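Shown next, in structure tokens, is the structure this report addresses.
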Amino acid sequence: MSDVQTDVQRFLDRLAERNASRGPEPTWIAARRQAGAARFEAMGFPHRRVEAWKYTDVRAIARGDFTLSDDASFSPATAAALTLPLEAHRLTFVDGVFAAALSQLDDLPKGVSLLPLSQALDENHEAVGGPLGRLTGVEFSPFAALNTAFMEEGAVLRLAPGTVVEKPIILQFLSRANAAPVMSHPRILVEAGARSQATVIEHHVGEPEAANFTNLVEEILLERGAILTHYKLQEAPLADLHVASIHVEQGRDSRFTSFNLNLGGGLVRNDLITELNGQGAEAHFNGLFYGQGRQHVDNHTLANHNAPHTISNENYKGILDDRAHGVFNGKVVVKRDSQKIEGYQSNANLLLSDRAEIDAKPELEIYADDVKCSHGTTTGQLDEEAIYALRTRGIDEQTARGLLTLAFAGEVMEQVDLDAVAERVELAVAGKLPERFNLAGLVETAAALTDTSGE
Amino acid sequence: MLEVKDLHVTVEGQKILKGLNLTVNAGEVHAIMGPNGAGKSTLSAVIAGKEGYEVTQGSITFEGQDVLEMEIEERARKGLLLGFQYPVEIPGVKNIYLLKAALNAKREAEGLGEIPAPEFMKLIKEKIAFMKMDASFLQRAVNEGFSGGEKKRNEILQMLVLQPRLAMLDEIDSGLDIDAMRVVAEGINSLRSEERGILLVTHYQRLLDFVVPDQVHVLVDGRVVKSGDAELARELEARGYDWVLEESAA
């Protein structure tokens, strides 16, 4: 029986080993590591008496014995099958280690800098040290502290003002089936200059037998008028443990659109936070989580309306089968004097089995008086009458259930512009379908009917 | 084509059909009429495979095969299609997607590949025009927010696209105004063919002015008590059901 103290110590021992084998580092990094370790030691792993972790038991992580990987080798054929079929700029990491051979950085457009964190530090560590940690400090959570103590690899993306990136930028994290489980603590920093525009896809996937722990921290800074679409497609192996936070800071008139799509992982906790700091800033949080078997998926979101005339709009759908357990906690906070804001939040959950479970908690904290806010959460089951109706048209039961399940997720999936991403979700939720359920065929249909209507 | 023999059906312990016999051959249009509660809708529901209906005796065969042994979707793929009295709303599933998925499921069962997109579009365009439906219907979720008449037209549209071997229409005429009735009737008439059987279940004779049946059966208390040609329907309209009830009791 392991006790709490030895669990914490095991991670600190790993850190000490790593620090001993690491070469000299800039003092700010060493200081941050120390602060992270101290904070982690003081807090320990979160327990369920803490409100933010009430429904999520992290003992599977705390009791684990994870080493750090130094090796990015990965079967190219397997990698090719896992990689999203998209024309993209791509950084790939295997168990947190940068894999140059699986990356695609040749044709970065002017104004775009995309580097592995280690390289960004080598080139100019001070330029990284300024913004890094500004949004996600060691006090945010024990996991953020742990990430700060261990951070050594990840991605730094910088967009010069006015830069528009056509192709998506993919940060691909591959989890490998190792003899013994490993952990990684990726750190991502995105700095989007004024009026820049890009799509970033954070993609977590791996070999089915993998059982590793990923503890990721991502900070995104959007300057005035920047537009960023962020996909997180989490289809990690089912025994993987996944904890991540994404913290966004939004300047005036910036727009952040998030698709938080969680299909994989045995134990998953996501924190998504935006600071709406400038007037006219808009955040759109779209989420879908799908759990089966004994998966546990916890999504915590927070929109901080720190300035007047800001908008947040959230729509999260949860689909839970078997004995899966989902958690949704969405919070909208409107500061005093943040007048004329709009904050909308909606969460709907579909339980496909009697033993699946959801804990949903929408929260509004409003300290201004001239605001438009709404929130709501519902939980339901598939409509058996509709399944029957589909079957009487020749559609087999499994597909009928899949289609209705997808239909439930429709509002979120209709917003997904990338077919390659939508198809991964559809495959997971409904099985193999001949074509894109929500969009592609439809657009084609609409176009064809309109084209010929003037005949 | 369809052979129903001595069919006894129980719903929640209550005997609804009590020895029903019916034969529908290819090329024929049959109308099942009868007072409320006679078991008209039960017959089509049992043939389509709805749950909750227990067949305690008798058989249903379709082209020599035992229908009661088939899965619901298998019946549809073999060409047994039911148009509902109360079509179900299916939020989030677009009409066009349902039509394509259903058509491809049928084609797959027939050993054909998926229908090529241009061919599908041509087909759909033709059929929605025939049913006087707007193209926007295709993009809407199945039956969601449709009026009663629109739902019924949508059922016929599905028939026109899927071209069943036996089309069963359960009170397709209920709740239709005269214009919608004409469109629906034209849809049904266009389905008439040497290769196809059509089974209309209706309470009123009105539809049968537009779709003239080859045979009319009067269903009373779970049994066919009288059969005849289209003239029988007119007689029922003029005289009501009471005389048939008296005749069958005698």
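The values are calculated or read from the model by the stated rules, or taken from the named source; none is laboratory data. Not measured: the values here are computed from a predicted model. Cβ placement follows ideal geometry from the backbone for every residue including glycine, while neighbour counts extend to all protein chains displayed.
Any chance you could count how many residues in the range A:328-360 are out of contact with any helix residue (DSSP H, G or I) (no Cβ under 6 Å at 6 or more places or on another chain) and under 21 Å from A:Gln292 (Cα atoms)? Step through it out loud before you land on a result.
From the range A:328-360, those out of contact with any helix residue (DSSP H, G or I) (no Cβ under 6 Å at 6 or more places or on another chain) are A:328-349, A:351-360; that's our starting set.
Imposing the further condition that a residue be under 21 Å from A:Gln292 (Cα atoms) reduces the set to A:328-329, A:347-349, A:351-360.
Adding up the residues that qualify gives 15.
Kindly establish whether B:Leu82 is at the interface with another protein chain (Cβ under 7 Å from one of its Cβ atoms) and at pLDDT 95 or above.
So B:Leu82 passes the test.
Checking the condition surrounded by 15 or more Cβ atoms within 10 Å (Cβ to Cβ) and modelled with pLDDT under 95, which residue from A:Glu25, A:Glu51, A:Glu41 passes? Steps first, answer last, please.
Working: A:Glu51 fails: surrounded by 15 or more Cβ atoms within 10 Å (Cβ to Cβ); A:Glu41 fails: modelled with pLDDT under 95.
Just one listed residue meets the conditions, A:Glu25.
Report yes if B:Ile90 is under 25 Å from A:Glu397 (Cα atoms) and in contact with a helix residue (DSSP H, G or I) (Cβ under 6 Å, 6 or more places away or on another chain), otherwise no.
For B:Ile90, the condition - under 25 Å from A:Glu397 (Cα atoms) and in contact with a helix residue (DSSP H, G or I) (Cβ under 6 Å, 6 or more places away or on another chain) - is met.
Six or more apart or on different chains, Cβ atoms under 6 Å: show the pairs whose first residue is in the range B:70-96 and within 19 Å of B:Leu200 (Cβ to Cβ) and whose second is of a type in the set (Gly, Ala, Ser) and surrounded by fewer than 24 Cβ atoms within 10 Å (Cβ to Cβ).
Note: pairs meeting the criteria are B:Arg75/B:Gly49; B:Leu82/B:Ser44; B:Leu82/B:Ala48.
Among the residues of the range B:85-110, how many are more than 7 Å from every other protein chain (Cβ to nearest Cβ) and either under 15 Å from the mean Cα position of the chain (by Cα) or not charged (D, E, K, R) (or both)?
7
Could you grab me the full set of residues in the range B:181-229 that are assigned to a helix (DSSP H, G or I), at pLDDT 95 or above and out of contact with any helix residue (DSSP H, G or I) (no Cβ under 8 Å at 6 or more places or on another chain)?
none
Given the residues B:Val88, B:Val4, B:Val46, which is the only one that is closer than 18 Å to B:Met168 by Cβ and either part of a strand (DSSP E or B) or among the acidic types (Asp, Glu) (or both)? It would help to see each step written out before you state the result.
On the way: B:Val88 fails: either part of a strand (DSSP E or B) or among the acidic types (Asp, Glu) (or both); B:Val46 fails: either part of a strand (DSSP E or B) or among the acidic types (Asp, Glu) (or both).
Exactly one residue qualifies, and that residue is B:Val4.
Quick one: would you say A:Leu91 is aliphatic (A, V, I, L, M), out of contact with any helix residue (DSSP H, G or I) (no Cβ under 8 Å at 6 or more places or on another chain) and outside any helix (DSSP H, G or I)?
Numbers: aliphatic (A, V, I, L, M): yes; out of contact with any helix residue (DSSP H, G or I) (no Cβ under 8 Å at 6 or more places or on another chain): yes; outside any helix (DSSP H, G or I): yes.
So A:Leu91 fits the description; yes.
Determine whether A:Gln398 is modelled with pLDDT of 95 or more and over 22 Å from the mean Cα position of the chain (by Cα).
no
Would you be able to say whether some residue in the range A:54-74 is part of a strand (DSSP E or B) and free of Cβ contacts under 8 Å to residues at least 60 places away in the same chain?
The answer is no; no qualifying residue exists.
Of all residues being touching a residue at least 24 places away in the same chain (Cβ under 8 Å) and among the hydrophobic types (A, V, I, L, M, F, W, C) in the range A:5-37, which is nearest to A:Ser69 (Cα to Cα)? Just the residue, please.
Among residues in the range A:5-37 that are touching a residue at least 24 places away in the same chain (Cβ under 8 Å) and among the hydrophobic types (A, V, I, L, M, F, W, C), the one nearest to A:Ser69 (Cα to Cα) is A:Leu15.
Can you tell me which of (1) surrounded by 15 or more Cβ atoms within 10 Å (Cβ to Cβ); (2) within 11 Å of chain A (Cβ to nearest Cβ) is the one B:Gly113 doesn't meet?
It fails just one condition, (1).
Any residue that is facing chain A (nearest Cβ under 9 Å) and closer than 18 Å to B:Ala26 by Cα - is there at least one of those in the range B:69-76? Working first, answer last.
Residues of the range B:69-76 facing chain A (nearest Cβ under 9 Å): B:71-76.
Filter once more, so that each one left must be closer than 18 Å to B:Ala26 by Cα: B:75-76.
Within the range B:69-76 (the criterion being facing chain A (nearest Cβ under 9 Å) and closer than 18 Å to B:Ala26 by Cα), the answer is yes, since at least one residue qualifies.
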